[in-house]
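Reading through the structure tokens given below for one structure.
The values are calculated or read from the model by the stated rules, or taken from the named source; none is laboratory data. Model, not experiment: these values are computed from the prediction. All Cβ positions, even for glycine, are placed from backbone atoms using ideal geometry, and neighbour counts span all protein chains on display. Areas reflect the complete protein model, heavy atoms only, side chains present, ligands, DNA and RNA absent. Shrake-Rupley method; radii C 1.70, N 1.55, O 1.52, S 1.80 Å.
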Amino acid sequence: MNEESAPGELREPADDTDGWRRLDARMLLVHPLETLIRFLPALLALVIFRAGSDENDRWELYAVPLIVAFGVLRWVTTRYRITAGQIELRRGLFTKQTTTARLDKVRTIDLTAQVHHRLLGLAKVEISTAGGGHDRLVLDSLSVDAGRRLRAELLHRVDPAVTGLPAPTGAPVPADAVPGDAPPPVDDEVLVRLDPSWIRYAPLTVTGLASAAAIVGFASQGFSRFSQERSVFRDGASFVSRLSWWLDVLLLLGVVSLLAVGAYVLTFWGFRLTRNRLGTLHTRRGLLTNRETSIDAARVRGIRLDEPLGLRLAGARRLKVVTSGLLREQGGSDWLCPPAPAGVVTPLALRIRPDEAAVSGPLTPHGPAARRRRMTRALVPATLVAAGLVVARVLWDWHGSLLVLVPMLFVGAVALGRDRYGALGHTVTPDHLVSRHGSLDRQRVVLDRDGIIGWKVEQSFFQRRVGVATLVATTAAGAQHYDVVDVPVEMAYAVLARVSPELSAEFS
């Protein structure tokens, strides 16, 4: 992506000159509103600060028309076009800035519509050409149809007339504008739709519970302060404090679960995954803020099956894509399926990567050294905590019932160590490298072999002592590195030689 800035560099064309297009005129209602909301805290603070002033001149209110004028200026000075194998975005009044991106570098396109966008039939289009958030073009706002039409032009090089969607200006395409020999529209293949019954899995994910717990903690602080001034809330807090500890725990779990369910609904309501005839994956989701993400098939480098402990116990999992170009700051863009039954997720994974051995086949275990490391790393913290409880009982006369936790700690540590070792494994198929690890947040990564661009063999001090290593496959997609953890050294080099024989000589 290139950016150029020069005063008066290019002639300002009209909408129909050289293919330049404007943003939708309805953005004149969106941008001033967003700008006003952004500066509202400052305006309110200024109004409050001047509340006791004797001056009648409310000069701070002059900022409102300035903000509106700024939004109008953005619409007047913003243009974009697709030409000569690239997309160009031009903006600025006194200093013209032109941003360009090659079409063959476009990787993903997000259409995001918040509530005020949806009321006006608009969407913000974000075009990503690399993994970083700076390598992108943002068009805010286009009509939803124009945004989808632009997405088809960019990802599939589709002639605008053939799409059958409205023209960029929002005017409908006349019937005689579509060529008579144009191919008929082909419906996208629907791979999965959200089943409302899947909402029951919302409280079973670590991220969902962590987010909900953070909300509860933040709200409880505000509640405790507010309750000191309001008798109703003070009485409610007093009632909760009189409950038994186990009722408090149940109440907290209930609140956290409800918040997790709410977050699931807001994020995934209406979720749908489709695939077109060119292989492009397209997701649509969101209750209040609707988001559509399109991922070029040529940029997909694999899939990731997530099995957090809660989902695993409930027979569920979730699916994400390993691809280049997703916007990192927009969490959730890599979802291919929200938490759902394994009987739904596994067949879906096979439709995206039809390699049964890679998606659901057995994995090669990593041997006794890896098992000992997992057991040691689970038992040592448990031993330290148990010793602390014993010392607290002897020195500070803590309640003796706490010692009941000691055997429970060791039982839990052994179970955790065994489960973590059971998750360890890898396999190599003709098309994929597969690795799996983790217990509380288990992940199985199916990585395309042709997407691997480099390798690292890492050994810590303790790994060297027992003869294991971590084999790191580097790629331009997803997390940019995927690890085969605690694999015997000779096995690590064997995997490297099988997947990338042309690179194995550098490690000999």
Q) Mind checking which lysines have their C-alpha under 27 Å from K96, skipping anything on the same chain fewer than 8 residues away? A) K105, K124
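At R0 = 25 Å, how high is the FRET efficiency between R351 and S197 if r is their beta carbon distance? Nearest 0.05 is fine. Don't skip to the answer; put the middle values down first.
Details: r = 21 Å, r/R0 = 0.85.
That gives a FRET efficiency of 0.75.
If you count only protein heavy atoms with a 1.4 Å probe, what accessible area per residue comes out for segment 394-508, rounded to a whole Å²?
Details: 6080 Å² over 115 residues.
Accessible area per residue: 53 Å².
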Q) Per residue, how many Å² of accessible area does segment 289-357 show with a 1.4 Å probe? A) 32 Å²
Q | Relative contact order of segment 375-508, pairs being alpha-carbon contacts under 8 Å that are 6 or more residues apart, as % | A | 15 percent
Q. In debye, nearest 20: dipole of segment 286-408 around its Cα centre with unit charges on the Cβ of K, R (+) and D, E (-)?
A. 360 debye
Q) Quick one: length gained pulling L250 to T100 fully straight, 0.36 nm per residue minus the C-alpha distance? A) 48.5 nm
Q.
Report the gain in length on full extension from L288 to A25: 0.36 nm times residue separation, minus Cα-Cα distance, nm rounded to one decimal.
A. 92.4 nm
Q: Please list 453-459, 340-346 highest first by mean number of surrounding beta-carbon atoms within 10 Å per residue.
A: 340-346, 453-459
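Quick one: length gained pulling L440 to F462 fully straight, 0.36 nm per residue minus the C-alpha distance? Intermediate results must be reported in sequence, preceding the final value.
Details: separation 22, 0.36 × 22 = 7.92 nm, distance 2.31 nm.
Here the answer is 5.6 nm.
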Q. Taking the Cβ-Cβ separation of R272 and H481 as r and a Förster radius of 35 Å, what is the calculated FRET efficiency to the nearest 0.05?
A. 0.65
Q. For segment 417-508, what % of the accessible area comes from carbon and sulfur atoms, probe 1.4 Å?
A. 51 percent
